[in-house]
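The values are calculated or read from the model by the stated rules, or taken from the named source; none is laboratory data. Being a predicted model, the structure only gives us computed values, none of them experimental. Here the Cβ positions follow ideal geometry from the backbone for every residue, glycine too, while neighbour counts run over all protein chains shown.
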Amino acid sequence: MYALVTGASRGIGRAIALLLARRGYDLLLVARSEDQLTALADEIGRKHQRQARLLALDLAAPGAAETVAAWATQQTEQLAVLVNNAGYGLWGRFEQLSMPEQQNMMQLNMALPVALTHALLPALHQAPKAYILNVASTAAYQAVPSLSLYAASKAFLLSFSRGLRYELKASNVSVTCLSPGATTTSFADRAGMGAELQATANKVSMTPEAVAEAAVSGLLSGEAEIIPGVLNKVSAGLTSVVPKGIVEKIAAGIYEKYL
């Protein structure tokens, strides 16, 4: 059986791909960097003796979901796992960030996983048991000033995952949403965060491997939502009982003071 992972070249996506290979899945790897995908495919073959096929593609480009879906169905008739991991954030005040770069982020964080899921559900329904993992963020549980649109995009993905899971509850497809907190990846650099903010985040960051362990274990167990790490679970849980205004003030205190 095959698993397709978007944003597989680094970070959480790469770690998830390696764990799925260890669990016995062959891999379909998609990301922009062909060199990194090739290195990962070689590692999967060497360490786990699984096949890994790759597609180097800008997933924010128009028609990317259709391209990936067509490629995946050409590669295998045994797709059993879809991991919608590709995504990124932008740090800064909404009105000061350019609209084109924010639209690009929304395309990757929201439109791509929705379109790819829709295109590949017929293939997933052919498997004895299939899984969809949507990678959101703990930012999905509250508004985050200076990461306003990023947090909103992840809230969208969390809500979409919950609704789709219910729709598919009587089917062979299980839907899970992963919401990691700070993780030692290139997220902060891509988001444009300064060194001081990155240093603060690094104090509570998890490794991609630890996040992936929780993700794959929870996914294959059929969990609805996964929040790796005790601190992340507590902070996400508090957002449901603490007044929203206070939660937003706390979030702003963490991020906005570095602007």
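Scanning the range 219-252 for residues that are at pLDDT below 75 and closer than 18 Å to PHE94 by Cβ yields ALA251, ALA252.
Scanning the range 3-10 for residues that are surrounded by 15 or more Cβ atoms within 10 Å (Cβ to Cβ), part of a helix (DSSP H, G or I) and in contact (Cβ under 8 Å) with a residue 24 or more places away in the chain turns up nothing. Among the residues of the range 68-92, those identified as touching a strand residue (DSSP E or B) at 6+ places or on another chain (Cβ under 8 Å), surrounded by fewer than 21 Cβ atoms within 10 Å (Cβ to Cβ) and within 21 Å of ASN134 (Cα to Cα) are TRP71, THR73, GLN78. Restricting attention to the range 154-181 and to residues that are in a loop (DSSP other than H, G, I, E, B) and over 13 Å from the mean Cα position of the chain (by Cα), the residue that is farthest from ALA115 (Cα to Cα) turns out to be ALA170. Hey, does the range 93-114 have a residue that's buried (at least 21 other Cβ atoms within 10 Å of the Cβ) and of a type in the set (Val, Ile, Thr)? There is no residue in the range 93-114 that is buried (at least 21 other Cβ atoms within 10 Å of the Cβ) and of a type in the set (Val, Ile, Thr).
Going residue by residue through the range 75-86, is there one that turns out to be within 27 Å of ALA214 (Cα to Cα) and acidic (Asp, Glu)? No, the range 75-86 contains no residue that is within 27 Å of ALA214 (Cα to Cα) and acidic (Asp, Glu). The requirement of being within 19 Å of the chain's Cα centre (by Cα) and either at pLDDT below 95 or of a type in the set (Ser, Thr, Tyr) (or both) is satisfied by ALA61.
In summary, ALA119 fulfils each of the numbered conditions (1) outside any strand (DSSP E or B); (2) within 21 Å of ILE226 (Cβ to Cβ) with the single exception of condition (2).
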